[in-house]
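The values are calculated or read from the model by the stated rules, or taken from the named source; none is laboratory data. Note that the coordinates shown come from a computational prediction; the quantities given were computed from them, not determined experimentally. Every residue, glycine among them, receives a Cβ derived from its backbone with ideal geometry; neighbour counts consider all protein chains shown. Just so you know, the surface numbers come from the protein's heavy atoms only, side chains and all, with ligands and any DNA or RNA stripped out. Shrake-Rupley method; radii C 1.70, N 1.55, O 1.52, S 1.80 Å.
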Amino acid sequence: MDRIEIDGGTRLSGELKISGAKNAALPLMVATLLSDKPLELSHVPHLADIATLGEILAQHGVEVTRSETGDGDALTLSAARITSTLAPYDLVRKMRASFLVSGPLLAREGQCTVSLPGGCAIGARAVDFHLKGFERLGAEIDLADGYVTAKAPNGLQGAEYEMPFASVGATQNLMMAATLAKGETVLRNVAREPEIVDLEKCLVAMGAKIEGAGTSVIRIEGKSALSGASHRVLPDRIETGTYAMAVGAAGGEVTLIGTDALNLEMVIPLLQRAGVQMEVIQVGDGIEAIKVSRNGERHMGVDVTTEPYPGFPTDLQAQFMALMATCQGTSHITEKIFENRFMHVPELGRLGANIKVDGQTATVQGVDRLKGAPVMATDLRASSSLIVAALGAEGTTEVNRVYHLDRGFEHIVTKLQGVGAKVRRLTN
Ligand code: EPZ
């Protein structure tokens, strides 16, 4: 199994290009199921999760073609004919986001049978809000043998639904389903993540009548059919934040190119308070970039709580903890989105971090220096936190289970090598 080795303690410097967002690209790919016309996506990151979703869509009858460009991958997806409305356990269990096929299949074909995704390393992760929303839109739901069967033989009917919690996936699933329902749907207390705004943009380009993404109420006027469209995936705010934290941990100066600072409005001031300089600049043809630097002084401990957007993202919690491991003072990090998202704590401990967990809060007592060691993690963001920690640590760290990183960080090794990190991928 592949592993990544990092000789830490080298300051980072240079430029690093930010990729398209995995968590935007996945629902955008699923949106192709809503139309019999092709959807063209550009700036798609080349990642294992994208390939997995491509396989899942293919077994529903979607033709997927990929080509490499100088700006990420270009995907053309064509769902001229849906050949199956069954999403089997073997595929859904690989990636929870694949549950998103249920809304579009139900809306376009009047039925679907999709495996329940089940729990995952970071928590139980139910889909009850998705299902309650489908019921509001007039579907009959049946749960048996680990599968959800949803039926609406006469089509979905627009309705109002207020979500108990602003779930990202349920918002995306219900938004997509409602584009083909009869009449108006109003979704309240929805998630406001930038990836939802990106999905709305693409659906509008496909001819959907929809407004409100980015606020807590989304209104959709259903259409009888949607068309094809071309759409560029927005930049990855989690990748941007991860590399900014890596610079914070290792020191140096790196310009993160092609990102959108507006989508990091909670993250930038927090890093600045910790003593990491962040300057938003324009490079080239109005391309936005963030110049990140930390020189001299060790950074400071600051507290943070994860929250739905625009709060601090849970997907950056582990990386922030890795940065805080060597802060001056103490940092309290509270996880409010997932019940079991501290699995990186013992691994950071192997590098010498002093972290104690009490319920939902981790207290990080900064140490002068971490020391390299063999480590492994059980999920994508936890793995990236080990990379952040290793870059600032003394000596060599070996990060195992690299397949987690392959799910969500495009070309991580070459990108880090490009800014001077001593990092290599070993295959055996
Ligand atoms: C998305 O997952 C992201 N995944 C996650 O990123 C991210 O951590 C999460 O949003 C929160 O920001 C993708 O976009 C593909 P949720 P999602 O529904 O949609 C509970 C990564 O590393 N809940 O907002 O699955 C749920 O159990 C991944 O890239 C219900 O109880 O997240 C969780 O505690 C990890 N019932 C909370 O809500 C439901 O029906 C948030 O889940 C739905 C959710």
What are the residues in the stretch 90-112 that are touching a strand residue (DSSP E or B) at 6+ places or on another chain (Cβ under 9 Å) and open to solvent by less than 30 Å² (accessible area, probe 1.4 Å), if any? Val92, Ser98, Phe99, Val101, Ser102, Gly103, Pro104, Leu105, Leu106, Gly110, Cys112
Of the residues in the stretch 282-311, those that are over 19 Å from Ala246 (Cβ atoms) and over 21 Å from the mean Cα position of the chain (by Cα) come to Gln282, Val283, Gly284, Asp285, Gly286, Ile287, Asp303
Under the condition of being among the acidic types (Asp, Glu) and not in a loop (DSSP other than H, G, I, E, B), which residue from the stretch 216-240 is farthest from the chain's Cα centre (by Cα)? Glu221
Can you list the strands (runs of 3 or more DSSP E) lying wholly within the stretch 142-211 that have 2 or more residues being among the aliphatic types (A, V, I, L, M)? 147-151, 184-188
Those residues of the stretch 367-410 which are crowded, with 23+ Cβ neighbours inside 10 Å, more than 16 Å from the ligand (Cβ to nearest atom) and of a type in the set (S, T, N, Q) amount to Thr397
For the stretch 314-331, name all the residues that are open to solvent by less than 10 Å² (accessible area, probe 1.4 Å), more than 13 Å from Ala362 (Cα to Cα) and within 10 Å of the ligand (Cβ to nearest atom). Leu316
Which condition from (1) more than 22 Å from the chain's Cα centre (by Cα); (2) within 13 Å of the ligand (Cβ to nearest atom) is the one that Arg96 breaks? (1)
Filter the stretch 260-304 for residues that are of a type in the set (D, E, K, R) and touching a Cys at 6+ places or on another chain (Cβ under 8 Å) and give the result. Arg298
Kindly establish whether Phe165 is open to solvent by less than 50 Å² (accessible area, probe 1.4 Å) and within 15 Å of the ligand (Cβ to nearest atom). no
Let me confirm something: among Val357, Val364, Val413, which residue is open to solvent by 10 Å² or more (accessible area, probe 1.4 Å), assigned by TED's automatic domain parsing to the domain that holds Glu15 and more than 24 Å from the chain's Cα centre (by Cα)? Val357
Is it the case that some residue within the stretch 270-286 is open to solvent by 70 Å² or more (accessible area, probe 1.4 Å), in a strand (DSSP E or B) and charged (D, E, K, R)? yes
If Val292 meets every condition in (1) within 16 Å of the ligand (Cβ to nearest atom); (2) surrounded by 23 or more Cβ atoms within 10 Å (Cβ to Cβ) apart from one, which number is that one? (1)
Restricting the search to the stretch 17-42, which residues are open to solvent by less than 10 Å² (accessible area, probe 1.4 Å) and not small (Gly, Ala, Ser)? Ile18, Leu26, Pro27, Leu28, Met29, Val30, Thr32, Leu33, Leu34, Leu39, Leu41
